[in-house]
1. Give the residue list of GluC sites (Glu not before Pro) in the stretch A:82-174 that are DSSP loop and have at most 13 other beta-carbon atoms within 10 angstrom.
2. Please list, by residue number, every one of the GluC sites (Glu not before Pro) in the stretch A:1-66 that is coil in DSSP and has at most 15 other beta-carbon atoms within 10 Å.
3. Taking θ as phi - 60°, what are the ³J(HN,Hα) couplings along the stretch A:375-390 by the Karplus curve (6.51, -1.76, 1.60), each to the nearest whole Hz, with x for Gly and Pro?
4. Past 30 Å, Cα to Cα, is the threshold; run A:K430/A:K535; A:K535/A:K633; A:K38/A:K400 against it and keep the listed order.
5. Short version: what are the Cα gyration tensor semi-axes of the stretch A:270-364, square root of 5 times each eigenvalue, largest first, in whole Å?
6. Any of A:K90/A:K117; A:K244/A:K425; A:K31/A:K224; A:K588/A:K620; A:K356/A:K478 with alpha carbons more than 23 Å apart? Name them for me.
7. Counting only Cα atoms, I'd like the Rg/Rh figure for the stretch A:1-103, Kirkwood definition for Rh.
8. Against the empirical 2.2 N^0.38 Å scaling, what ratio does the C-alpha Rg of the stretch A:310-454 come to?
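The values are calculated or read from the model by the stated rules, or taken from the named source; none is laboratory data. The model shown is predicted, which means the values in this text are computed figures rather than measured ones. Note that we place each Cβ from the backbone using ideal geometry, even for glycine, and neighbour counts take in every protein chain shown. These accessible areas exclude ligands, DNA and RNA; they are computed on the full protein's heavy atoms, side chains included. Shrake-Rupley method; radii C 1.70, N 1.55, O 1.52, S 1.80 Å.
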Amino acid sequence: MKVTLKDGSIIEAEKGTTALDIAGKLSQGLKKSALAAKIDGKIVSLSETIEKDCALEILVFDDDEGKYALRHTASHVLAQAVKRLFPEAKLAIGPAIENGFYYDFDVETPFTAEDLKALEKEMAKIIQENLPVTRTELAREDAKKLMAEKGEDYKVQLIDELPEGETISFYTQGEFTDLCAGPHVSSTGRVKNIKLLRSAGAYWKGNEKNKMLQRIYGTAFFKKDALLAYLENLREAEKRDHNKLGRELKYFTTVPEVGQGLPLIMPKGAKVMQIMQRFVEDEEERRGYQYTKTPLMAKSDLYKISGHWDHYKDGMFVLGDEEKDDEVLALRPMTCPFQFMIYKASHHSYRELPMKLAETSTLFRNEASGEMHGLIRVRQFTLSDAHIIATPEQVEDEFKDVLDLINYMMKATGLESDVTYRFSKWDPKKTEKYIDNPEAWEFSEALMKKILDDIELDYVEADGEAAFYGPKLDVQFKNVFGKEDTLFTIQMDFALAEHFDMYYVDANGDKQRPYIIHRASLGCYERTLAVLIEKYAGAMPLWLAPEQVRFLPITDRALETCKKWEEIFKKVGVRATVDSRSEKIGYKIREGRTERLPYMLIVGDKEVEDGNFAVWKRGKGDLGPQDAEGVLKSILQEIEDLVIF
RNA sequence: GCCAACGUGGCUCAGGGGUAGAGCAGCUGAUUCGUAAUCAGCAGGUCGUGGGUUCAAUUCCCACCGUUGGCUCCA
């Protein structure tokens, strides 16, 4: 029997040898670090026997599949520990996920921090016991019977939902058996380094109508050092949390009297937002966008036309009572219907298209209380919003132009390497969530896919993430906790032009329906600010820094010179201040460092005399004395280089 | 909205059934200093809010509000 290895070499093996045996033949080291195998492209456990010629790859922890196998087994070890300590717990599901694993349990009382510690100890024991993990297959009825006997109602339900003809497999380690497709590592001893991170509630099958189960999150690594490094990383990342750092650095605050999800943006935060807004508005006007200013609220009539009343009412702040009042108003959750009314206020020729209407738009969404998070999920936010009304022929180019604009914004803010793209599609099963027009969905999703493939964008597809009126391309960013949020979005809309009866007159004098692209360019400013704080750990890029330069006089004798230069810097547009307090220079520098100032220019008797600044630069430290005018010029140059490229 | 943890001066935190403490920040004064904290003094809290238990509650119990991590939802 011939087995082809990853490097193309072929070795002879007897029928019935296992993947692990072959790993051992190759090297003892590989045998030790092997976690799973890939046979003819299929991921399997190492205990899998090989019966015919095949291609074999031994997977280790550095391979994603190896990682998943190890962490998947770790989740079984957790479940086994839970069963030992809490025999009444019912098992739900327990997959490996990015950076770790979780397992959902149905228990009477939620797990406490002490429970997690005890479970971790028990898991260490199970790992110590080094129980072999073995696979068995059962017929559907036998599988159901086995799980029903054990009282595992959720597993019975899972078996019922498996498609006809599917192999039903179980994995057993010691006294513990779990329904599972695998693959797993060969024994519990391979799991080695585990850490339980937290417990949290989670709905069975992710549906809020179902029972809430208790989920335990954990992680596992092959090497202890890697686990420790990962935990250290988590702690480091949390220090960058915008919700902590943004408050510490006085970018924003919240007070109970104002309310949840309603942050108060402080001068530093407002300055960064203002800089971004000016940048966005200038750039968009250059690209042919026209700015509008529309009301923050409207009668319910408007939202009824757009469909928001039917699809989005729960998310809106409604002023008044539909039963009692003649007129019911609502704060706007979106800008589109308002700008559509502007479009409709006059007749349009195809010659005027594409028409690009932009607005720096404040929106209101009544998020549920548990959903608010710092500046990332709020109830009022300001979006650099726009709607492009175009002929069908123009849609493709316009879509590409929007992507180009977004790219430019991401380069300017330095976020381009931190984002991923998500092609958000509808879900035909969720009819209540989406406009019912299957052909239009199929058509617009196909069009969008063509554009994305055309420009060779690297994206993932996500079902059920579309807007109610059409598919989207979302630009996603992960926060310090690894949670993903949308930063920018481009949405294809085939429905609202119809709802609003928008049209243009074509070359033949006939009325035609335009296409509409909804898009946000620098996302919403609150969220973008949060993302920037996290990415830069509060050290804003020079062009966005609320305070770019601070002059530090060493003695009061240098104060006049500092004030004179402050005026000059301000005149040419550099945001500069003077720290005029009678404190020691070390104290002022320490404070400037904690505030992440990009530049501190220190002026003492020597500098006054020589016309120099002693330059302190963020990330570089003391650069020594430099010619004052030269410093100003180089700072101006540096700012320009960051924005124009 | 659901599951859980948490809530003590502006911030970080200690304490704990007999009405509260530290450091930083603030204020006042002194110091004029060369690259991460000068010294001294002063002031600041009805311990998130409201109920209950108790002779007595900031501490124990309940509700609400808020914060945090998940779930659901979403820019």
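1. Answer by residue number: A:E88, A:E98, A:E108, A:E164, A:E166.
2. Sites meeting the loop and neighbour criteria: A:E14, A:E51.
3. These are the phi-based 3J(HN,Hα) values: 9, 8, 10, 10, 8, 9, 8, 10, 10, 7, 9, 7, 10, 10, 9, 9 Hz.
4. From A:K430/A:K535; A:K535/A:K633; A:K38/A:K400, over 30 Å: A:K430/A:K535; A:K38/A:K400.
5. Working from the Cα gyration tensor, I get semi-axes of 28, 20, 9 Å.
6. Result: A:K244/A:K425; A:K356/A:K478 exceed 23 Å.
7. 1.08
8. 1.25
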